[in-house]
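Data first, discussion second: the structure below is written as structure tokens.
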Amino acid sequence: MPARPGPRNSLTDVPGLKVGQAHDERARTGVTVILPDERVVCAVDVRGGGPGTRETDALAPENLIGAMVDAVVLSGGSMYGLAAGDGVAAWLGANGRGYPVSQNPQVPRAPIVPAAILFDMANGGDKAWGLEPPYRRLGIEAVQAAGLDIALGTAGCAYGAKAGGWKGGTGSASIVTDDGLIVGAIAGVNSFGSVTAGDDRTFWAAPFELDGEFGGLGSAGLSSAPDHWNLSKANPGLRQNTTIAVIATNVTLSPSDAKRVAIMAQDGLARAIRPAHAPFDGDIVFALSTARRPLDEPSPMAVARIGALAADVLSRAIARGVYEATSWPGSDIPTWKNGL
């Protein structure tokens, strides 16, 4: 039986993971939280020229926590959005979750919550929040809402996103192989580059589409002239773009194996967006292992297989995020479904 999407075609097809999202319509921004049932191995790969992150250095396998995390946060809001991680950490600590730092029960645990942000500050939303940016609150709202269903498009971290010339969005996808290997992805698509090809309708990710999940147009429209970037953003500014993503698998991976999967998954981002990893982007991919299925024979070939699947799944998730996006209330921003 060929590999197929899981029942939800989303990251939560990977057992042991939930996702929660929250947004602020007035500010045109939002937060997505990936919440594992228990601490999981996590690695990260950063490729864009303008990244914004929290606690990614802690994921190095030689450091104290052993690359184990309690949650991962993806947020809008540029540097302000990193505060969403504070809200999630507070919620986790209040619920007795985190790295044990002392045998004294009066010393709270230390939740490990890496995060990445995208820039949605210039989308027309009300950012006059003074001393109270909404991200800590949104982080708490998102983690409290964590479940198996994921809203796609104008939701979560990519509520305020723009992807090239289209409204950006949150996308997710999954694959399940005949021998029980599961890989899922979730992405917030706010890219400088274009997600569509020469005809401005065909997604660059078209060769990887399954079951018409982002329009079913096929690959016939895939073309582009040299030095022509189709519907990329005009006049990009530094740190004003980014695609941020989480890849996950049910297979047991070491921290170094998870790092290799994150590196390979970045190829999926590059296949779905043209150009990618530019100075204007902060492209970041996290990779998680819930370790529900041991590798039959741990080997570089097994890691290569998971990484290849992860790249394909991430391409599909990126296209789905833009395909499902809708305009903000009161906005006429172009979406893929309503055209230019």
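The values are calculated or read from the model by the stated rules, or taken from the named source; none is laboratory data. Every value quoted in this text rests on a predicted model; they were computed, and no experiment measured them. We place every Cβ from the backbone using ideal geometry, glycine too, and count neighbours over all the protein chains shown. Each accessible area value is taken on the protein alone, full model and side chains, heavy atoms only, with ligands, DNA and RNA left out. Shrake-Rupley method; radii C 1.70, N 1.55, O 1.52, S 1.80 Å.
Listed values, structure above:
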{"read-out": "Counted residues, the stretch 133-166 - those being assigned to a strand (DSSP E or B) and either at pLDDT below 95 or open to solvent by 30 Å² or more (accessible area, probe 1.4 Å) (or both)", "value": "3"}
{"read-out": "Tally of residues being in a loop (DSSP other than H, G, I, E, B), open to solvent by 40 Å² or more (accessible area, probe 1.4 Å) and touching a residue at least 12 places away in the same chain (Cβ under 8 Å) across the stretch 272-297", "value": "4"}
{"read-out": "Residue match in the stretch 112-132 (condition: modelled with pLDDT of 95 or more, surrounded by fewer than 18 Cβ atoms within 10 Å (Cβ to Cβ), among the charged types (D, E, K, R) and outside any loop (DSSP other than H, G, I, E, B))", "value": "no"}
{"read-out": "Yes/no for residue 320 being within 13 Å of the chain's Cα centre (by Cα), open to solvent by 20 Å² or more (accessible area, probe 1.4 Å), at pLDDT 95 or above and within 15 Å of residue 247 (Cβ to Cβ)", "value": "yes"}
{"read-out": "Residue in the stretch 48-58 that is surrounded by the fewest Cβ atoms within 10 Å (Cβ to Cβ), counting only those that are charged (D, E, K, R) and touching a Gly at 6+ places or on another chain (Cβ under 9 Å)", "value": "55"}
{"read-out": "Options 302, 265, 258: the member that is open to solvent by less than 40 Å² (accessible area, probe 1.4 Å), assigned to a helix (DSSP H, G or I) and more than 30 Å from residue 196 (Cα to Cα)", "value": "302"}
{"read-out": "Hey, residue 61 open to solvent by 40 Å² or more (accessible area, probe 1.4 Å) and in contact (Cβ under 8 Å) with a residue 60 or more places away in the chain or not", "value": "yes"}
{"read-out": "In the stretch 86-111, residue modelled with the lowest pLDDT [restricted to those that are open to solvent by less than 40 Å² (accessible area, probe 1.4 Å) and in contact with an Asp or Glu (Cβ under 7 Å, 6 or more places away or on another chain)]", "value": "98"}
{"read-out": "The listed residue being more than 24 Å from the chain's Cα centre (by Cα) and either among the β-branched types (Val, Ile, Thr) or under 19 Å from residue 286 (Cβ atoms) (or both), out of 143, 88, 101, 113", "value": "101"}
{"read-out": "Subset of the stretch 64-85 that is open to solvent by 50 Å² or more (accessible area, probe 1.4 Å) and not in a strand (DSSP E or B) - its residue that is nearest to residue 275 (Cα to Cα)", "value": "79"}
{"read-out": "Residue within the stretch 18-36 that is assigned to a loop (DSSP other than H, G, I, E, B), open to solvent by less than 10 Å² (accessible area, probe 1.4 Å) and either more than 16 Å from residue 258 (Cβ to Cβ) or in contact (Cβ under 8 Å) with a residue 60 or more places away in the chain (or both) present", "value": "yes"}
{"read-out": "Pair list, Cβ < 6 Å and 6+ apart or interchain, from the stretch 127-140 residues that are on the phi > 0 side of the Ramachandran plot to residues that are crowded, with 22+ Cβ neighbours inside 10 Å and hydroxyl-bearing (Ser, Thr, Tyr)", "value": "none"}
